[in-house]
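K.L.:
Pasting in a structure now, in structure tokens, and then I'll have a few things to ask.
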Amino acid sequence: MFRFLHHCFAWLRPRPARRRSGRFSLIWLVCIAGLGLGLSQIPSLVSAQEGGVQQQEERLIREFSLPDPPPERPVYRPQPAPAPAPRQRSAQPAAAPPPARPAARPAPPPAPAPAARPTPAPAQAPAPAPAQASPPPALEPEPEPAATAAATANPANQYQYVLEFNRSPVVGNRLRMEGVYPETRIGFTRPRDWELKSAKALIRFQHSPSLLGDRSHLIVRVNNTSVGSVPLNRENSQVGQVLFNIPPNLIQDYNEVSILAEQQTSETCTNPADPTLWTEVLPDSKLLFDFEPQAIALDFSRYPYPFLDDLSLDANRLTYLRPAQLSETWLTATSRFQTAAGQFLGFRSLNTRLVEKVEDVEVGDRLMVIGTPTEQAVLADLSLPFPLRNNRIVDGDNNPLPGDVGVLMLSSLEDNGVPVLVATGNAPEGVLKAVQFLVQSQDQQIGTGQALLVNGVTNVPTPSNREWKGYLPAADTFRLSDLDTPDRQPFEDKTVYGSNAPPVQINFRALPDDRFLRGSKMTLRYSYSSQVDPRTSAVEVKLDDVTIASRRLSDRGGRDAYTLDLPGNLIEPDTRLDVQFILNPRRSSVCGLTTDQQLWGTVHGDTSFNLSRDNVFHLPDLKLLRSGFPLTAPQDLSATAIVLPDRPNDPEVLTLLAFSERMGRITQADSVKSQVYLAGTLPATVRSEKHLVGIGRRDRLPFPEALQSDGLNLRQSFFRQRQESQIQALPDQEGVIQAVLSPWNGDRLLLALTGQTERGLEEVGEAFRRDSLFSQLQGDTVMIRRNQANPSPYNAQDYSLNFLQQTRPRRIEHTTPLNRASLFLQDYWFMLPTGIVLLALLLYGISQLYLNRLTKSGDVQ
């Protein structure tokens, strides 16, 4: 309309008199008529525009009627399981671990070697003598607290939890402290549902017989608060034992027990390098907690607690209710949730199992009900905020919810109080949307209440293939502050104290496809106290305990910088960089803790790195799988497809969950986008474009092509073939992990998780669950078998792994043409002399032909 008016005014602008005609009035009439018609259309245009905006808003924001009044929130009442029988300790000690090192923030310890469950507290615990300055009498070894507590009554729902020191990886078989003023720390957490009544620390120790009893002491602190001390005056290295009372108000969510020792062998000045300066804290030292479980209302504002608890002292326990028919949606949703659980828990233990009936759920489990009401009939029997009508979830007005709306609800079982998390919807799209809300960290933050209707989920962008949190940045130049600490915080200036200062530890984890070249540099920026002796003090840089450079400290003190070369062959995806300060005082004759603590060294966050690298890797190589590569590139697993047989059984589903959990533990992403397919519905585009993981027994494996290579081949009747060798095993209960290049895309990986029997498939799942087994993967084929009928989850010797390299790995390059030419010359260097000779002969022949032509033409006399 506006264009029409513009043309009208253009025709009606003033013109010369000779050009006017009788058509002038006709134009006026046409313009006025067109203007009237246009104005009459304006209301309809406005209403149409408003209607379009309203339709867009309705598509984006959909409100449903909620139950009124809202149902009462379910309450989770923890019921600790009874304590198991005490385990017998091994008489043969294993190899001693390195001494403990102080940590800036202690991480919760992993699952214990001896599983310790809460037990009913004794009605009247014997009152131990508190720690005192005078030498206490030698105490006899006490019986196991679990055994003692089990024989006593349970007063007022109070329980006792025993946390032994050997649950910490820094302890092992003993915690050794050396030097004049050594210190070590052990971290532990307090579960959220504890109301702590009392806490005690039972410390058992041995020390060198050379220590002076009147000048040597053992001091125990909890969260930097001293709870007592004991003199080191035992004769002939006898075992000492002392019980310290810990005020309950000192215990927080994250805690640390600090054990300090003052060890003197001389009345005047003790030599810090004296090898007789040692004290060992025995691994059966323990913390004793008396607590009362507290009921907690279930609410999504606390999610993922109580289903996943990073403060738990025991392994988390997830139990999935298995539908009668397993669909791709259920498998994908469950796999994504298990991956997210692995990401959240990190190194903490997780026990997972499947049940077919609610009656099989045990006390201490966390029940997951995933699926539509048709798949999960138990939803009709649970007390849920949104009721079911005709096997469909309805809103507050009894209207069925749309199929693409996800529903998340919290409940609990009436008989044992186990918390229940329901992720459902009236269609598979809604179920997947509900679970996707739970696996995306940014969406979890807005959850609250007992139930959620998930109308929409943000599509989190897929990170680049080289954007890995916790690893070296993709840029070649970066600072130390760009790296993360073990607790996933940016690195800041770090200071260590004392002549026996621990090293500053830095995670220097290279991306799996990094190949480092000559010329990689590190500029270490550090400072140190002016009290150090420059003749005997230095700073060292190590890569995985291999010293690569050292520099003597100058006599001026203060801030300094040191540039050194980084050897590329030592930088791996699990590399640790240590900066060790060797600090000695100027006056060695002056002794005392004050003088020792005046020695300090600091590593600054502006320490810089300049790396020279390219992207070259070889496939297949199971060693790369330790970091998840190439399945975890990108980190949200969007480039990986997992394929199961058309009718998966429980061992195959549990192997899927074990694999998904491991991928979660070794990735950090804001979302999970892995996809699970059944063998009969795998699209051809997915097969040719993604990395593939096939799971199933040998006769059910979705990709039999993985076992038809020139390497190990499994056939019927327990038949094995490798090249010309053929055998039949009776029976064959080994699990097999085999990696080959995808026959549909040579740049993609095909990973087969299989075995001749379901027992073998279970061994494959154990290889992904146990860190001690997964960290050994190498070659392109691994065969796993158990050495014990009932292997201990804490002893790697109960399993045996055989590694095979059956095919020559193919090199895959993502680099510049110049680097590719350099790689070609490195591989075929023996052809270089021949090439030079041939090139010289070719140039000589060309020059002779040219000269001959010039001679014939008469240009050359």
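The values are calculated or read from the model by the stated rules, or taken from the named source; none is laboratory data. Remember, it's a predicted structure, so these values are computed and weren't measured experimentally. In this analysis, Cβ positions are derived from the backbone assuming ideal geometry, glycine residues included, and neighbour counts consider all displayed protein chains. Note: areas computed on protein heavy atoms with side chains; ligands, DNA, RNA excluded. Shrake-Rupley method; radii C 1.70, N 1.55, O 1.52, S 1.80 Å.
K.L.:
Confirm whether GLN294 is more than 23 Å from the chain's Cα centre (by Cα) and open to solvent by 20 Å² or more (accessible area, probe 1.4 Å).
P.N.:
On the way: more than 23 Å from the chain's Cα centre (by Cα): yes; open to solvent by 20 Å² or more (accessible area, probe 1.4 Å): yes.
So GLN294 fits the description; yes.
To keep it simple, each residue is scored yes or no on (1) open to solvent by less than 50 Å² (accessible area, probe 1.4 Å); (2) under 21 Å from VAL239 (Cα atoms); (3) assigned to a loop (DSSP other than H, G, I, E, B); (4) at pLDDT 90 or above.
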site	(1), (2), (3), (4)
GLU142	no, yes, yes, no
ALA146	yes, no, no, no
ASN154	no, no, yes, no
ASN157	no, no, yes, no
GLN160	yes, no, no, yes
ASN166	yes, yes, no, no
ASN173	no, yes, yes, no
MET177	yes, yes, no, yes
GLY187	yes, no, no, yes
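K.L.:
Is there a residue being of a type outside the set (Ser, Thr, Tyr), under 21 Å from LEU345 (Cα atoms), touching a residue at least 12 places away in the same chain (Cβ under 8 Å) and surrounded by 21 or more Cβ atoms within 10 Å (Cβ to Cβ) anywhere in the range 602-621? Break it down into steps so the answer makes sense when it comes.
P.N.:
Filtering the range 602-621 for residues of a type outside the set (Ser, Thr, Tyr) gives 603-606, 609-611, 613-621.
Still in the running and under 21 Å from LEU345 (Cα atoms): none.
There is no residue in the range 602-621 that is of a type outside the set (Ser, Thr, Tyr), under 21 Å from LEU345 (Cα atoms), touching a residue at least 12 places away in the same chain (Cβ under 8 Å) and surrounded by 21 or more Cβ atoms within 10 Å (Cβ to Cβ).
K.L.:
Which of the residues spanning the range 336-351 are open to solvent by 20 Å² or more (accessible area, probe 1.4 Å) and within 16 Å of PRO419 (Cβ to Cβ)?
P.N.:
Passing the criteria: only ASN351.
K.L.:
Give just the number: which of (1) without any contact (Cβ under 8 Å) to a residue 60 or more places away in the chain; (2) under 23 Å from LEU345 (Cα atoms) does GLU414 not satisfy?
P.N.:
Of the numbered conditions (1) without any contact (Cβ under 8 Å) to a residue 60 or more places away in the chain; (2) under 23 Å from LEU345 (Cα atoms), the odd one out for GLU414 is (2).
K.L.:
Return yes when THR319 is open to solvent by 20 Å² or more (accessible area, probe 1.4 Å) and modelled with pLDDT of 95 or more and no when it is not.
P.N.:
Values: open to solvent by 20 Å² or more (accessible area, probe 1.4 Å): no; modelled with pLDDT of 95 or more: yes.
Criteria not met by THR319.
K.L.:
Which of the residues spanning the range 740-770 are without any contact (Cβ under 8 Å) to a residue 40 or more places away in the chain, within 17 Å of TYR794 (Cα to Cα) and among the basic types (Lys, Arg)?
P.N.:
Within the range 740-770, ARG770 is the sole residue that qualifies.
K.L.:
Is it the case, given these coordinates, that ARG626 is within 26 Å of LEU566 (Cα to Cα), under 15 Å from the mean Cα position of the chain (by Cα) and basic (Lys, Arg)? Break it down into steps so the answer makes sense when it comes.
P.N.:
Numbers: within 26 Å of LEU566 (Cα to Cα): yes; under 15 Å from the mean Cα position of the chain (by Cα): yes; basic (Lys, Arg): yes.
Taking the combined requirement at face value, the residue satisfies it.
K.L.:
Considering every residue within the range 556-574, establish whether at least one is surrounded by fewer than 17 Cβ atoms within 10 Å (Cβ to Cβ), within 30 Å of PHE617 (Cα to Cα), at pLDDT 90 or above and hydrophobic (A, V, I, L, M, F, W, C). Outline the logic, then answer.
P.N.:
Within the range 556-574, the first condition is being surrounded by fewer than 17 Cβ atoms within 10 Å (Cβ to Cβ), and the residues that meet it are 556-565, 567, 569-570, 574.
Next, only the ones that are within 30 Å of PHE617 (Cα to Cα) stay: 563-565, 567, 569-570, 574.
Okay, now just the ones that are also at pLDDT 90 or above, so 563-565, 567, 569-570, 574.
After this cut, where a residue has to be hydrophobic (A, V, I, L, M, F, W, C) as well, the list is 564, 570.
Within the range 556-574, one or more residues are surrounded by fewer than 17 Cβ atoms within 10 Å (Cβ to Cβ), within 30 Å of PHE617 (Cα to Cα), at pLDDT 90 or above and hydrophobic (A, V, I, L, M, F, W, C).
K.L.:
Out of everything in the range 202-224 that is under 31 Å from the mean Cα position of the chain (by Cα) and part of a strand (DSSP E or B), what residue ends up being farthest from GLN158 (Cα to Cα)? Don't jump to the end; show me each part of the working.
P.N.:
Looking only at the range 202-224, we keep the residues that are under 31 Å from the mean Cα position of the chain (by Cα), and these are 221-224.
Now drop any that are not part of a strand (DSSP E or B), which leaves 221-222.
Values: ARG221: 26, VAL222: 23 Å.
Per the criteria, the residue is ARG221.
K.L.:
Something else: Take the range 225-248 and flag every residue that is within 40 Å of the chain's Cα centre (by Cα), in a loop (DSSP other than H, G, I, E, B) and within 23 Å of THR265 (Cα to Cα).
P.N.:
Correct list: VAL239 only.
K.L.:
Moving on to the next point. If you take just the strands (runs of 3 or more DSSP E) that sit entirely in the range 458-552, which of them hold at least 3 residues that are over 14 Å from THR575 (Cα atoms)? Explain how you work it out, then say what you get.
P.N.:
Numbers: elements: 477-479, 494-497, 504-507, 514-516, 521-528, 538-543, 546-552.
Answer list for the range 458-552: 477-479, 494-497, 521-528, 538-543, 546-552.
K.L.:
Kindly establish whether SER464 is open to solvent by less than 60 Å² (accessible area, probe 1.4 Å) and not acidic (Asp, Glu). Write out each step before concluding.
P.N.:
Values: open to solvent by less than 60 Å² (accessible area, probe 1.4 Å): no; not acidic (Asp, Glu): yes.
No, not satisfied.
K.L.:
So how many residues does the range 643-673 have that are assigned to a helix (DSSP H, G or I) and within 16 Å of the chain's Cα centre (by Cα)? Explain how you work it out, then say what you get.
P.N.:
Initially, the range 643-673 is screened for residues assigned to a helix (DSSP H, G or I), giving 650-665.
Still in the list and also within 16 Å of the chain's Cα centre (by Cα): 657-665.
Result for the range 643-673: 9.
K.L.:
Could I ask something else about it? Output the number of the condition that PRO793 fails; it satisfies all remaining conditions of (1) open to solvent by 30 Å² or more (accessible area, probe 1.4 Å); (2) in contact with a strand residue (DSSP E or B) (Cβ under 6 Å, 6 or more places away or on another chain).
P.N.:
Here PRO793 clears every test but (2).
K.L.:
For GLN598, state whether it is of a type outside the set (Phe, Trp, Tyr) and at pLDDT 95 or above. Walk me through how you get there before you give the answer.
P.N.:
Working: of a type outside the set (Phe, Trp, Tyr): yes; at pLDDT 95 or above: no.
So GLN598 does not fit the description; no.
K.L.:
Something else now. Within the range 661-680, track down each residue that is open to solvent by less than 10 Å² (accessible area, probe 1.4 Å) and out of contact with any Leu (no Cβ under 9 Å at 6 or more places or on another chain).
P.N.:
The one that is open to solvent by less than 10 Å² (accessible area, probe 1.4 Å) and out of contact with any Leu (no Cβ under 9 Å at 6 or more places or on another chain): SER671.
K.L.:
Which one is farthest from ALA201 (Cα to Cα), of the residues in the range 215-256 that are touching a strand residue (DSSP E or B) at 6+ places or on another chain (Cβ under 7 Å) and of a type in the set (Asp, Glu)?
P.N.:
Looking at residues that are touching a strand residue (DSSP E or B) at 6+ places or on another chain (Cβ under 7 Å) and of a type in the set (Asp, Glu), I get ASP253.
K.L.:
Restricting attention to the range 758-782, which residues are surrounded by fewer than 22 Cβ atoms within 10 Å (Cβ to Cβ), closer than 24 Å to GLY628 by Cβ and more than 20 Å from the chain's Cα centre (by Cα)?
P.N.:
GLU762, GLN778, GLY779
Residue-wise test of (1) in contact with a Ser or Thr (Cβ under 7 Å, 6 or more places away or on another chain); (2) over 30 Å from ARG613 (Cβ atoms); (3) surrounded by 18 or more Cβ atoms within 10 Å (Cβ to Cβ); (4) at pLDDT 90 or above.
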position	(1), (2), (3), (4)
VAL361	yes, yes, yes, yes
ARG392	no, yes, no, yes
PRO402	no, yes, no, yes
LEU410	no, yes, yes, yes
VAL420	yes, yes, yes, yes
VAL431	yes, yes, yes, yes
LEU453	no, yes, yes, yes
GLY456	no, yes, no, yes
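K.L.:
Taking only pairs six or more apart or across chains, which ones have beta-carbon atoms under 6 Å, a first residue in the range 687-700 that is touching a residue at least 60 places away in the same chain (Cβ under 8 Å) and farther than 20 Å from SER660 by Cα, and a second residue that is in a helix (DSSP H, G or I) and small (Gly, Ala, Ser)?
P.N.:
none
K.L.:
Output the residues belonging to the range 774-811 that are in a loop (DSSP other than H, G, I, E, B), more than 17 Å from LEU749 (Cα to Cα) and in contact with a Pro (Cβ under 9 Å, 6 or more places away or on another chain).
P.N.:
In the first step, residues of the range 774-811 are kept if they are in a loop (DSSP other than H, G, I, E, B); the result is 775-780, 787-795, 805-809.
When the remaining residues are screened for being more than 17 Å from LEU749 (Cα to Cα), the result is 775-776, 787-795.
Correct list: TYR794 only.
K.L.:
Condition (residue is over 38 Å from the mean Cα position of the chain (by Cα), over 30 Å from ARG810 (Cβ atoms) and among the small types (Gly, Ala, Ser)) applied to the range 540-550: is it met by at least one residue?
P.N.:
In the first step, residues of the range 540-550 are kept if they are over 38 Å from the mean Cα position of the chain (by Cα); the result is none.
There is no residue in the range 540-550 that is over 38 Å from the mean Cα position of the chain (by Cα), over 30 Å from ARG810 (Cβ atoms) and among the small types (Gly, Ala, Ser).
K.L.:
Tell me, which residue of the range 297-316 that is touching a residue at least 40 places away in the same chain (Cβ under 8 Å) and among the charged types (D, E, K, R) is most open to solvent (accessible area, probe 1.4 Å)?
P.N.:
Here the answer is ASP314.
K.L.:
GLU328 is checked against (1) at pLDDT below 95; (2) open to solvent by 20 Å² or more (accessible area, probe 1.4 Å); (3) not aliphatic (A, V, I, L, M) and fails just one. What number does that condition carry?
P.N.:
It fails just one condition, (1).
K.L.:
Another question, if that's okay. Being open to solvent by 20 Å² or more (accessible area, probe 1.4 Å) and touching a Lys or Arg at 6+ places or on another chain (Cβ under 8 Å) is the filter here; which residues of the range 257-289 pass it? Break it down into steps so the answer makes sense when it comes.
P.N.:
Taking the range 257-289 first, the residues open to solvent by 20 Å² or more (accessible area, probe 1.4 Å) are 260, 262, 265-269, 271-276, 278, 280, 282-284, 288.
LEU260, GLU262, GLU267, TRP278, GLU280, LEU282, PRO283, ASP284, LEU288 - these are the residues of the range 257-289 that are open to solvent by 20 Å² or more (accessible area, probe 1.4 Å) and touching a Lys or Arg at 6+ places or on another chain (Cβ under 8 Å).
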